[in-house]
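Here is the structure we will look at, set down as structure tokens.
The values are calculated or read from the model by the stated rules, or taken from the named source; none is laboratory data. The structure displayed is predicted, hence computed values, not measured ones. Please note: Cβ atoms are built from the backbone with ideal geometry, for glycine as well, and neighbour counts cover all protein chains shown.
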């Protein structure tokens, strides 16, 4: 029995965009009949089963083709709790097969022209190209070396699209001087403080400007979420542009959920022209975390790894995704999210290594309350030789009440709050803000003891007025934020 089988709830409505010849349609029907029951095949036309331990990654409700999201759990998918996390099982089977390093390769985005079509014909053509000839007895090779190459061709995915070459290596930045103030501070060895702000619900930026003025000089950079929890707000791009005008360095967040490959490239080029240098690449929360009527987010056009790979090449190789040259390439300091408490540490470390290889220069973790889990994750990164290639900024949230902490623990993917913190908040009463401040300060102090951590990312959830106090009492000198 296959580990995963197609389900109606998340079955993508795949279809070819052009009518295929009858022979290929018949072959597609045969392929669906065989691969559907065996692997849960969705007939994406861009088959990568050989790279994913023969478990179809398109079973993922988010359609992620390069690893799990930050909410990965061993027990179930956080989006659809009736099914397992497909990527957890891909990692587990790959590890058992001794093929974990295969998962480091940046797998290509869907070539939508091939969606719904067969892939077996491409494999046969690939085998023939390595020197296989047809005889009376079937397919054979001219010599043992060609025979081995033929088998390798069978188990090597056909590159779709053709210009996407397999890439599993680390690529250091192709520039020397820091691109942003945030990068300059990190390079200098400073323990940085960044903050997260939720964009306004409406079109007025008055409150946003006031808040930016109150924290200017206290933080190295400010992140603006990109429709977090799949709820629409003012765009991260607009907020980042306003921050530049106010003299505060922004971190532009891009959630793959709401963008196409064309849109991302255009947005980044435009953002760079506005003085925005830091970009955090995310896959994004699933649409079902938002409110109905739900939009379609079962297939993302690009995932976070693919965005990193694409933006790094735009910066360093001066090429768009379609290979057109960029005369004036963007200047980007690229970041990605990390989830130390999701799934198992060794699997998350592999995922983070893949992001760093693709282009991530800094990692901002989701919210951390369990220091022991964080330490286990850091050890796993060290074993994969990642710590000296990336800056790590750990997310720390200000808890205001027992109720908010319980909601965060139960509903925010990848967040785990120890029982000891719940007990402290319960003892503090209905308004536990002051106890939350002390918990935050204790976490910051603990994080500063780890040599592999380069800063904290403070999330105050509407209490930005407390940021100066938190930074001062944590013993972190006020920092001047400059836009370059």
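Out of the residues in region 112-136 that are part of a loop (DSSP other than H, G, I, E, B) and surrounded by fewer than 16 Cβ atoms within 10 Å (Cβ to Cβ), state the one that is modelled with the highest pLDDT.
Per the stated criteria, the residue is 131.
Within region 402-435, the set of residues being over 22 Å from residue 339 (Cβ atoms) and assigned to a helix (DSSP H, G or I) comprises 402, 403, 423, 424, 425, 426, 427, 428, 433, 434, 435.
So which pairs qualify, if the first residue must be in region 180-206 and without any contact (Cβ under 8 Å) to a residue 60 or more places away in the chain, the second must be not in a loop (DSSP other than H, G, I, E, B), the Cβ gap must be under 6 Å, and the two must be at least 6 apart or on different chains? Listed pairs, sorted by first residue: 199/224; 199/239; 200/208; 205/242. Say whether the condition of being in contact (Cβ under 8 Å) with a residue 24 or more places away in the chain, surrounded by fewer than 20 Cβ atoms within 10 Å (Cβ to Cβ) and closer than 25 Å to residue 395 by Cβ is met by at least one residue in region 330-347. Yes; the residues of region 330-347 include at least one that is in contact (Cβ under 8 Å) with a residue 24 or more places away in the chain, surrounded by fewer than 20 Cβ atoms within 10 Å (Cβ to Cβ) and closer than 25 Å to residue 395 by Cβ.
Put simply, of 461, 444, 439 the only residue that is within 29 Å of residue 208 (Cβ to Cβ), surrounded by 15 or more Cβ atoms within 10 Å (Cβ to Cβ), assigned by TED's automatic domain parsing to the domain that holds residue 284 and in contact with a strand residue (DSSP E or B) (Cβ under 8 Å, 6 or more places away or on another chain) is 444.
Checking residue 275 against (1) over 13 Å from the mean Cα position of the chain (by Cα); (2) closer than 30 Å to residue 460 by Cβ; (3) crowded, with 23+ Cβ neighbours inside 10 Å, which single condition isn't satisfied? Condition not satisfied by residue 275: (3).
Among the numbered conditions (1) assigned by TED's automatic domain parsing to the domain that holds residue 219; (2) modelled with pLDDT under 95, the only one that residue 478 does not meet is (1).
Could you please give the count of residues in region 357-371 that are assigned to a helix (DSSP H, G or I) and crowded, with 24+ Cβ neighbours inside 10 Å?
1
When region 389-412 is filtered for residues that are touching a strand residue (DSSP E or B) at 6+ places or on another chain (Cβ under 6 Å) and under 21 Å from residue 434 (Cα atoms), the ones remaining, listed by number, are 395, 396, 397.
Summed over region 375-410, the residues that are over 17 Å from residue 194 (Cβ atoms) and free of Cβ contacts under 8 Å to residues at least 40 places away in the same chain give a count of 17.
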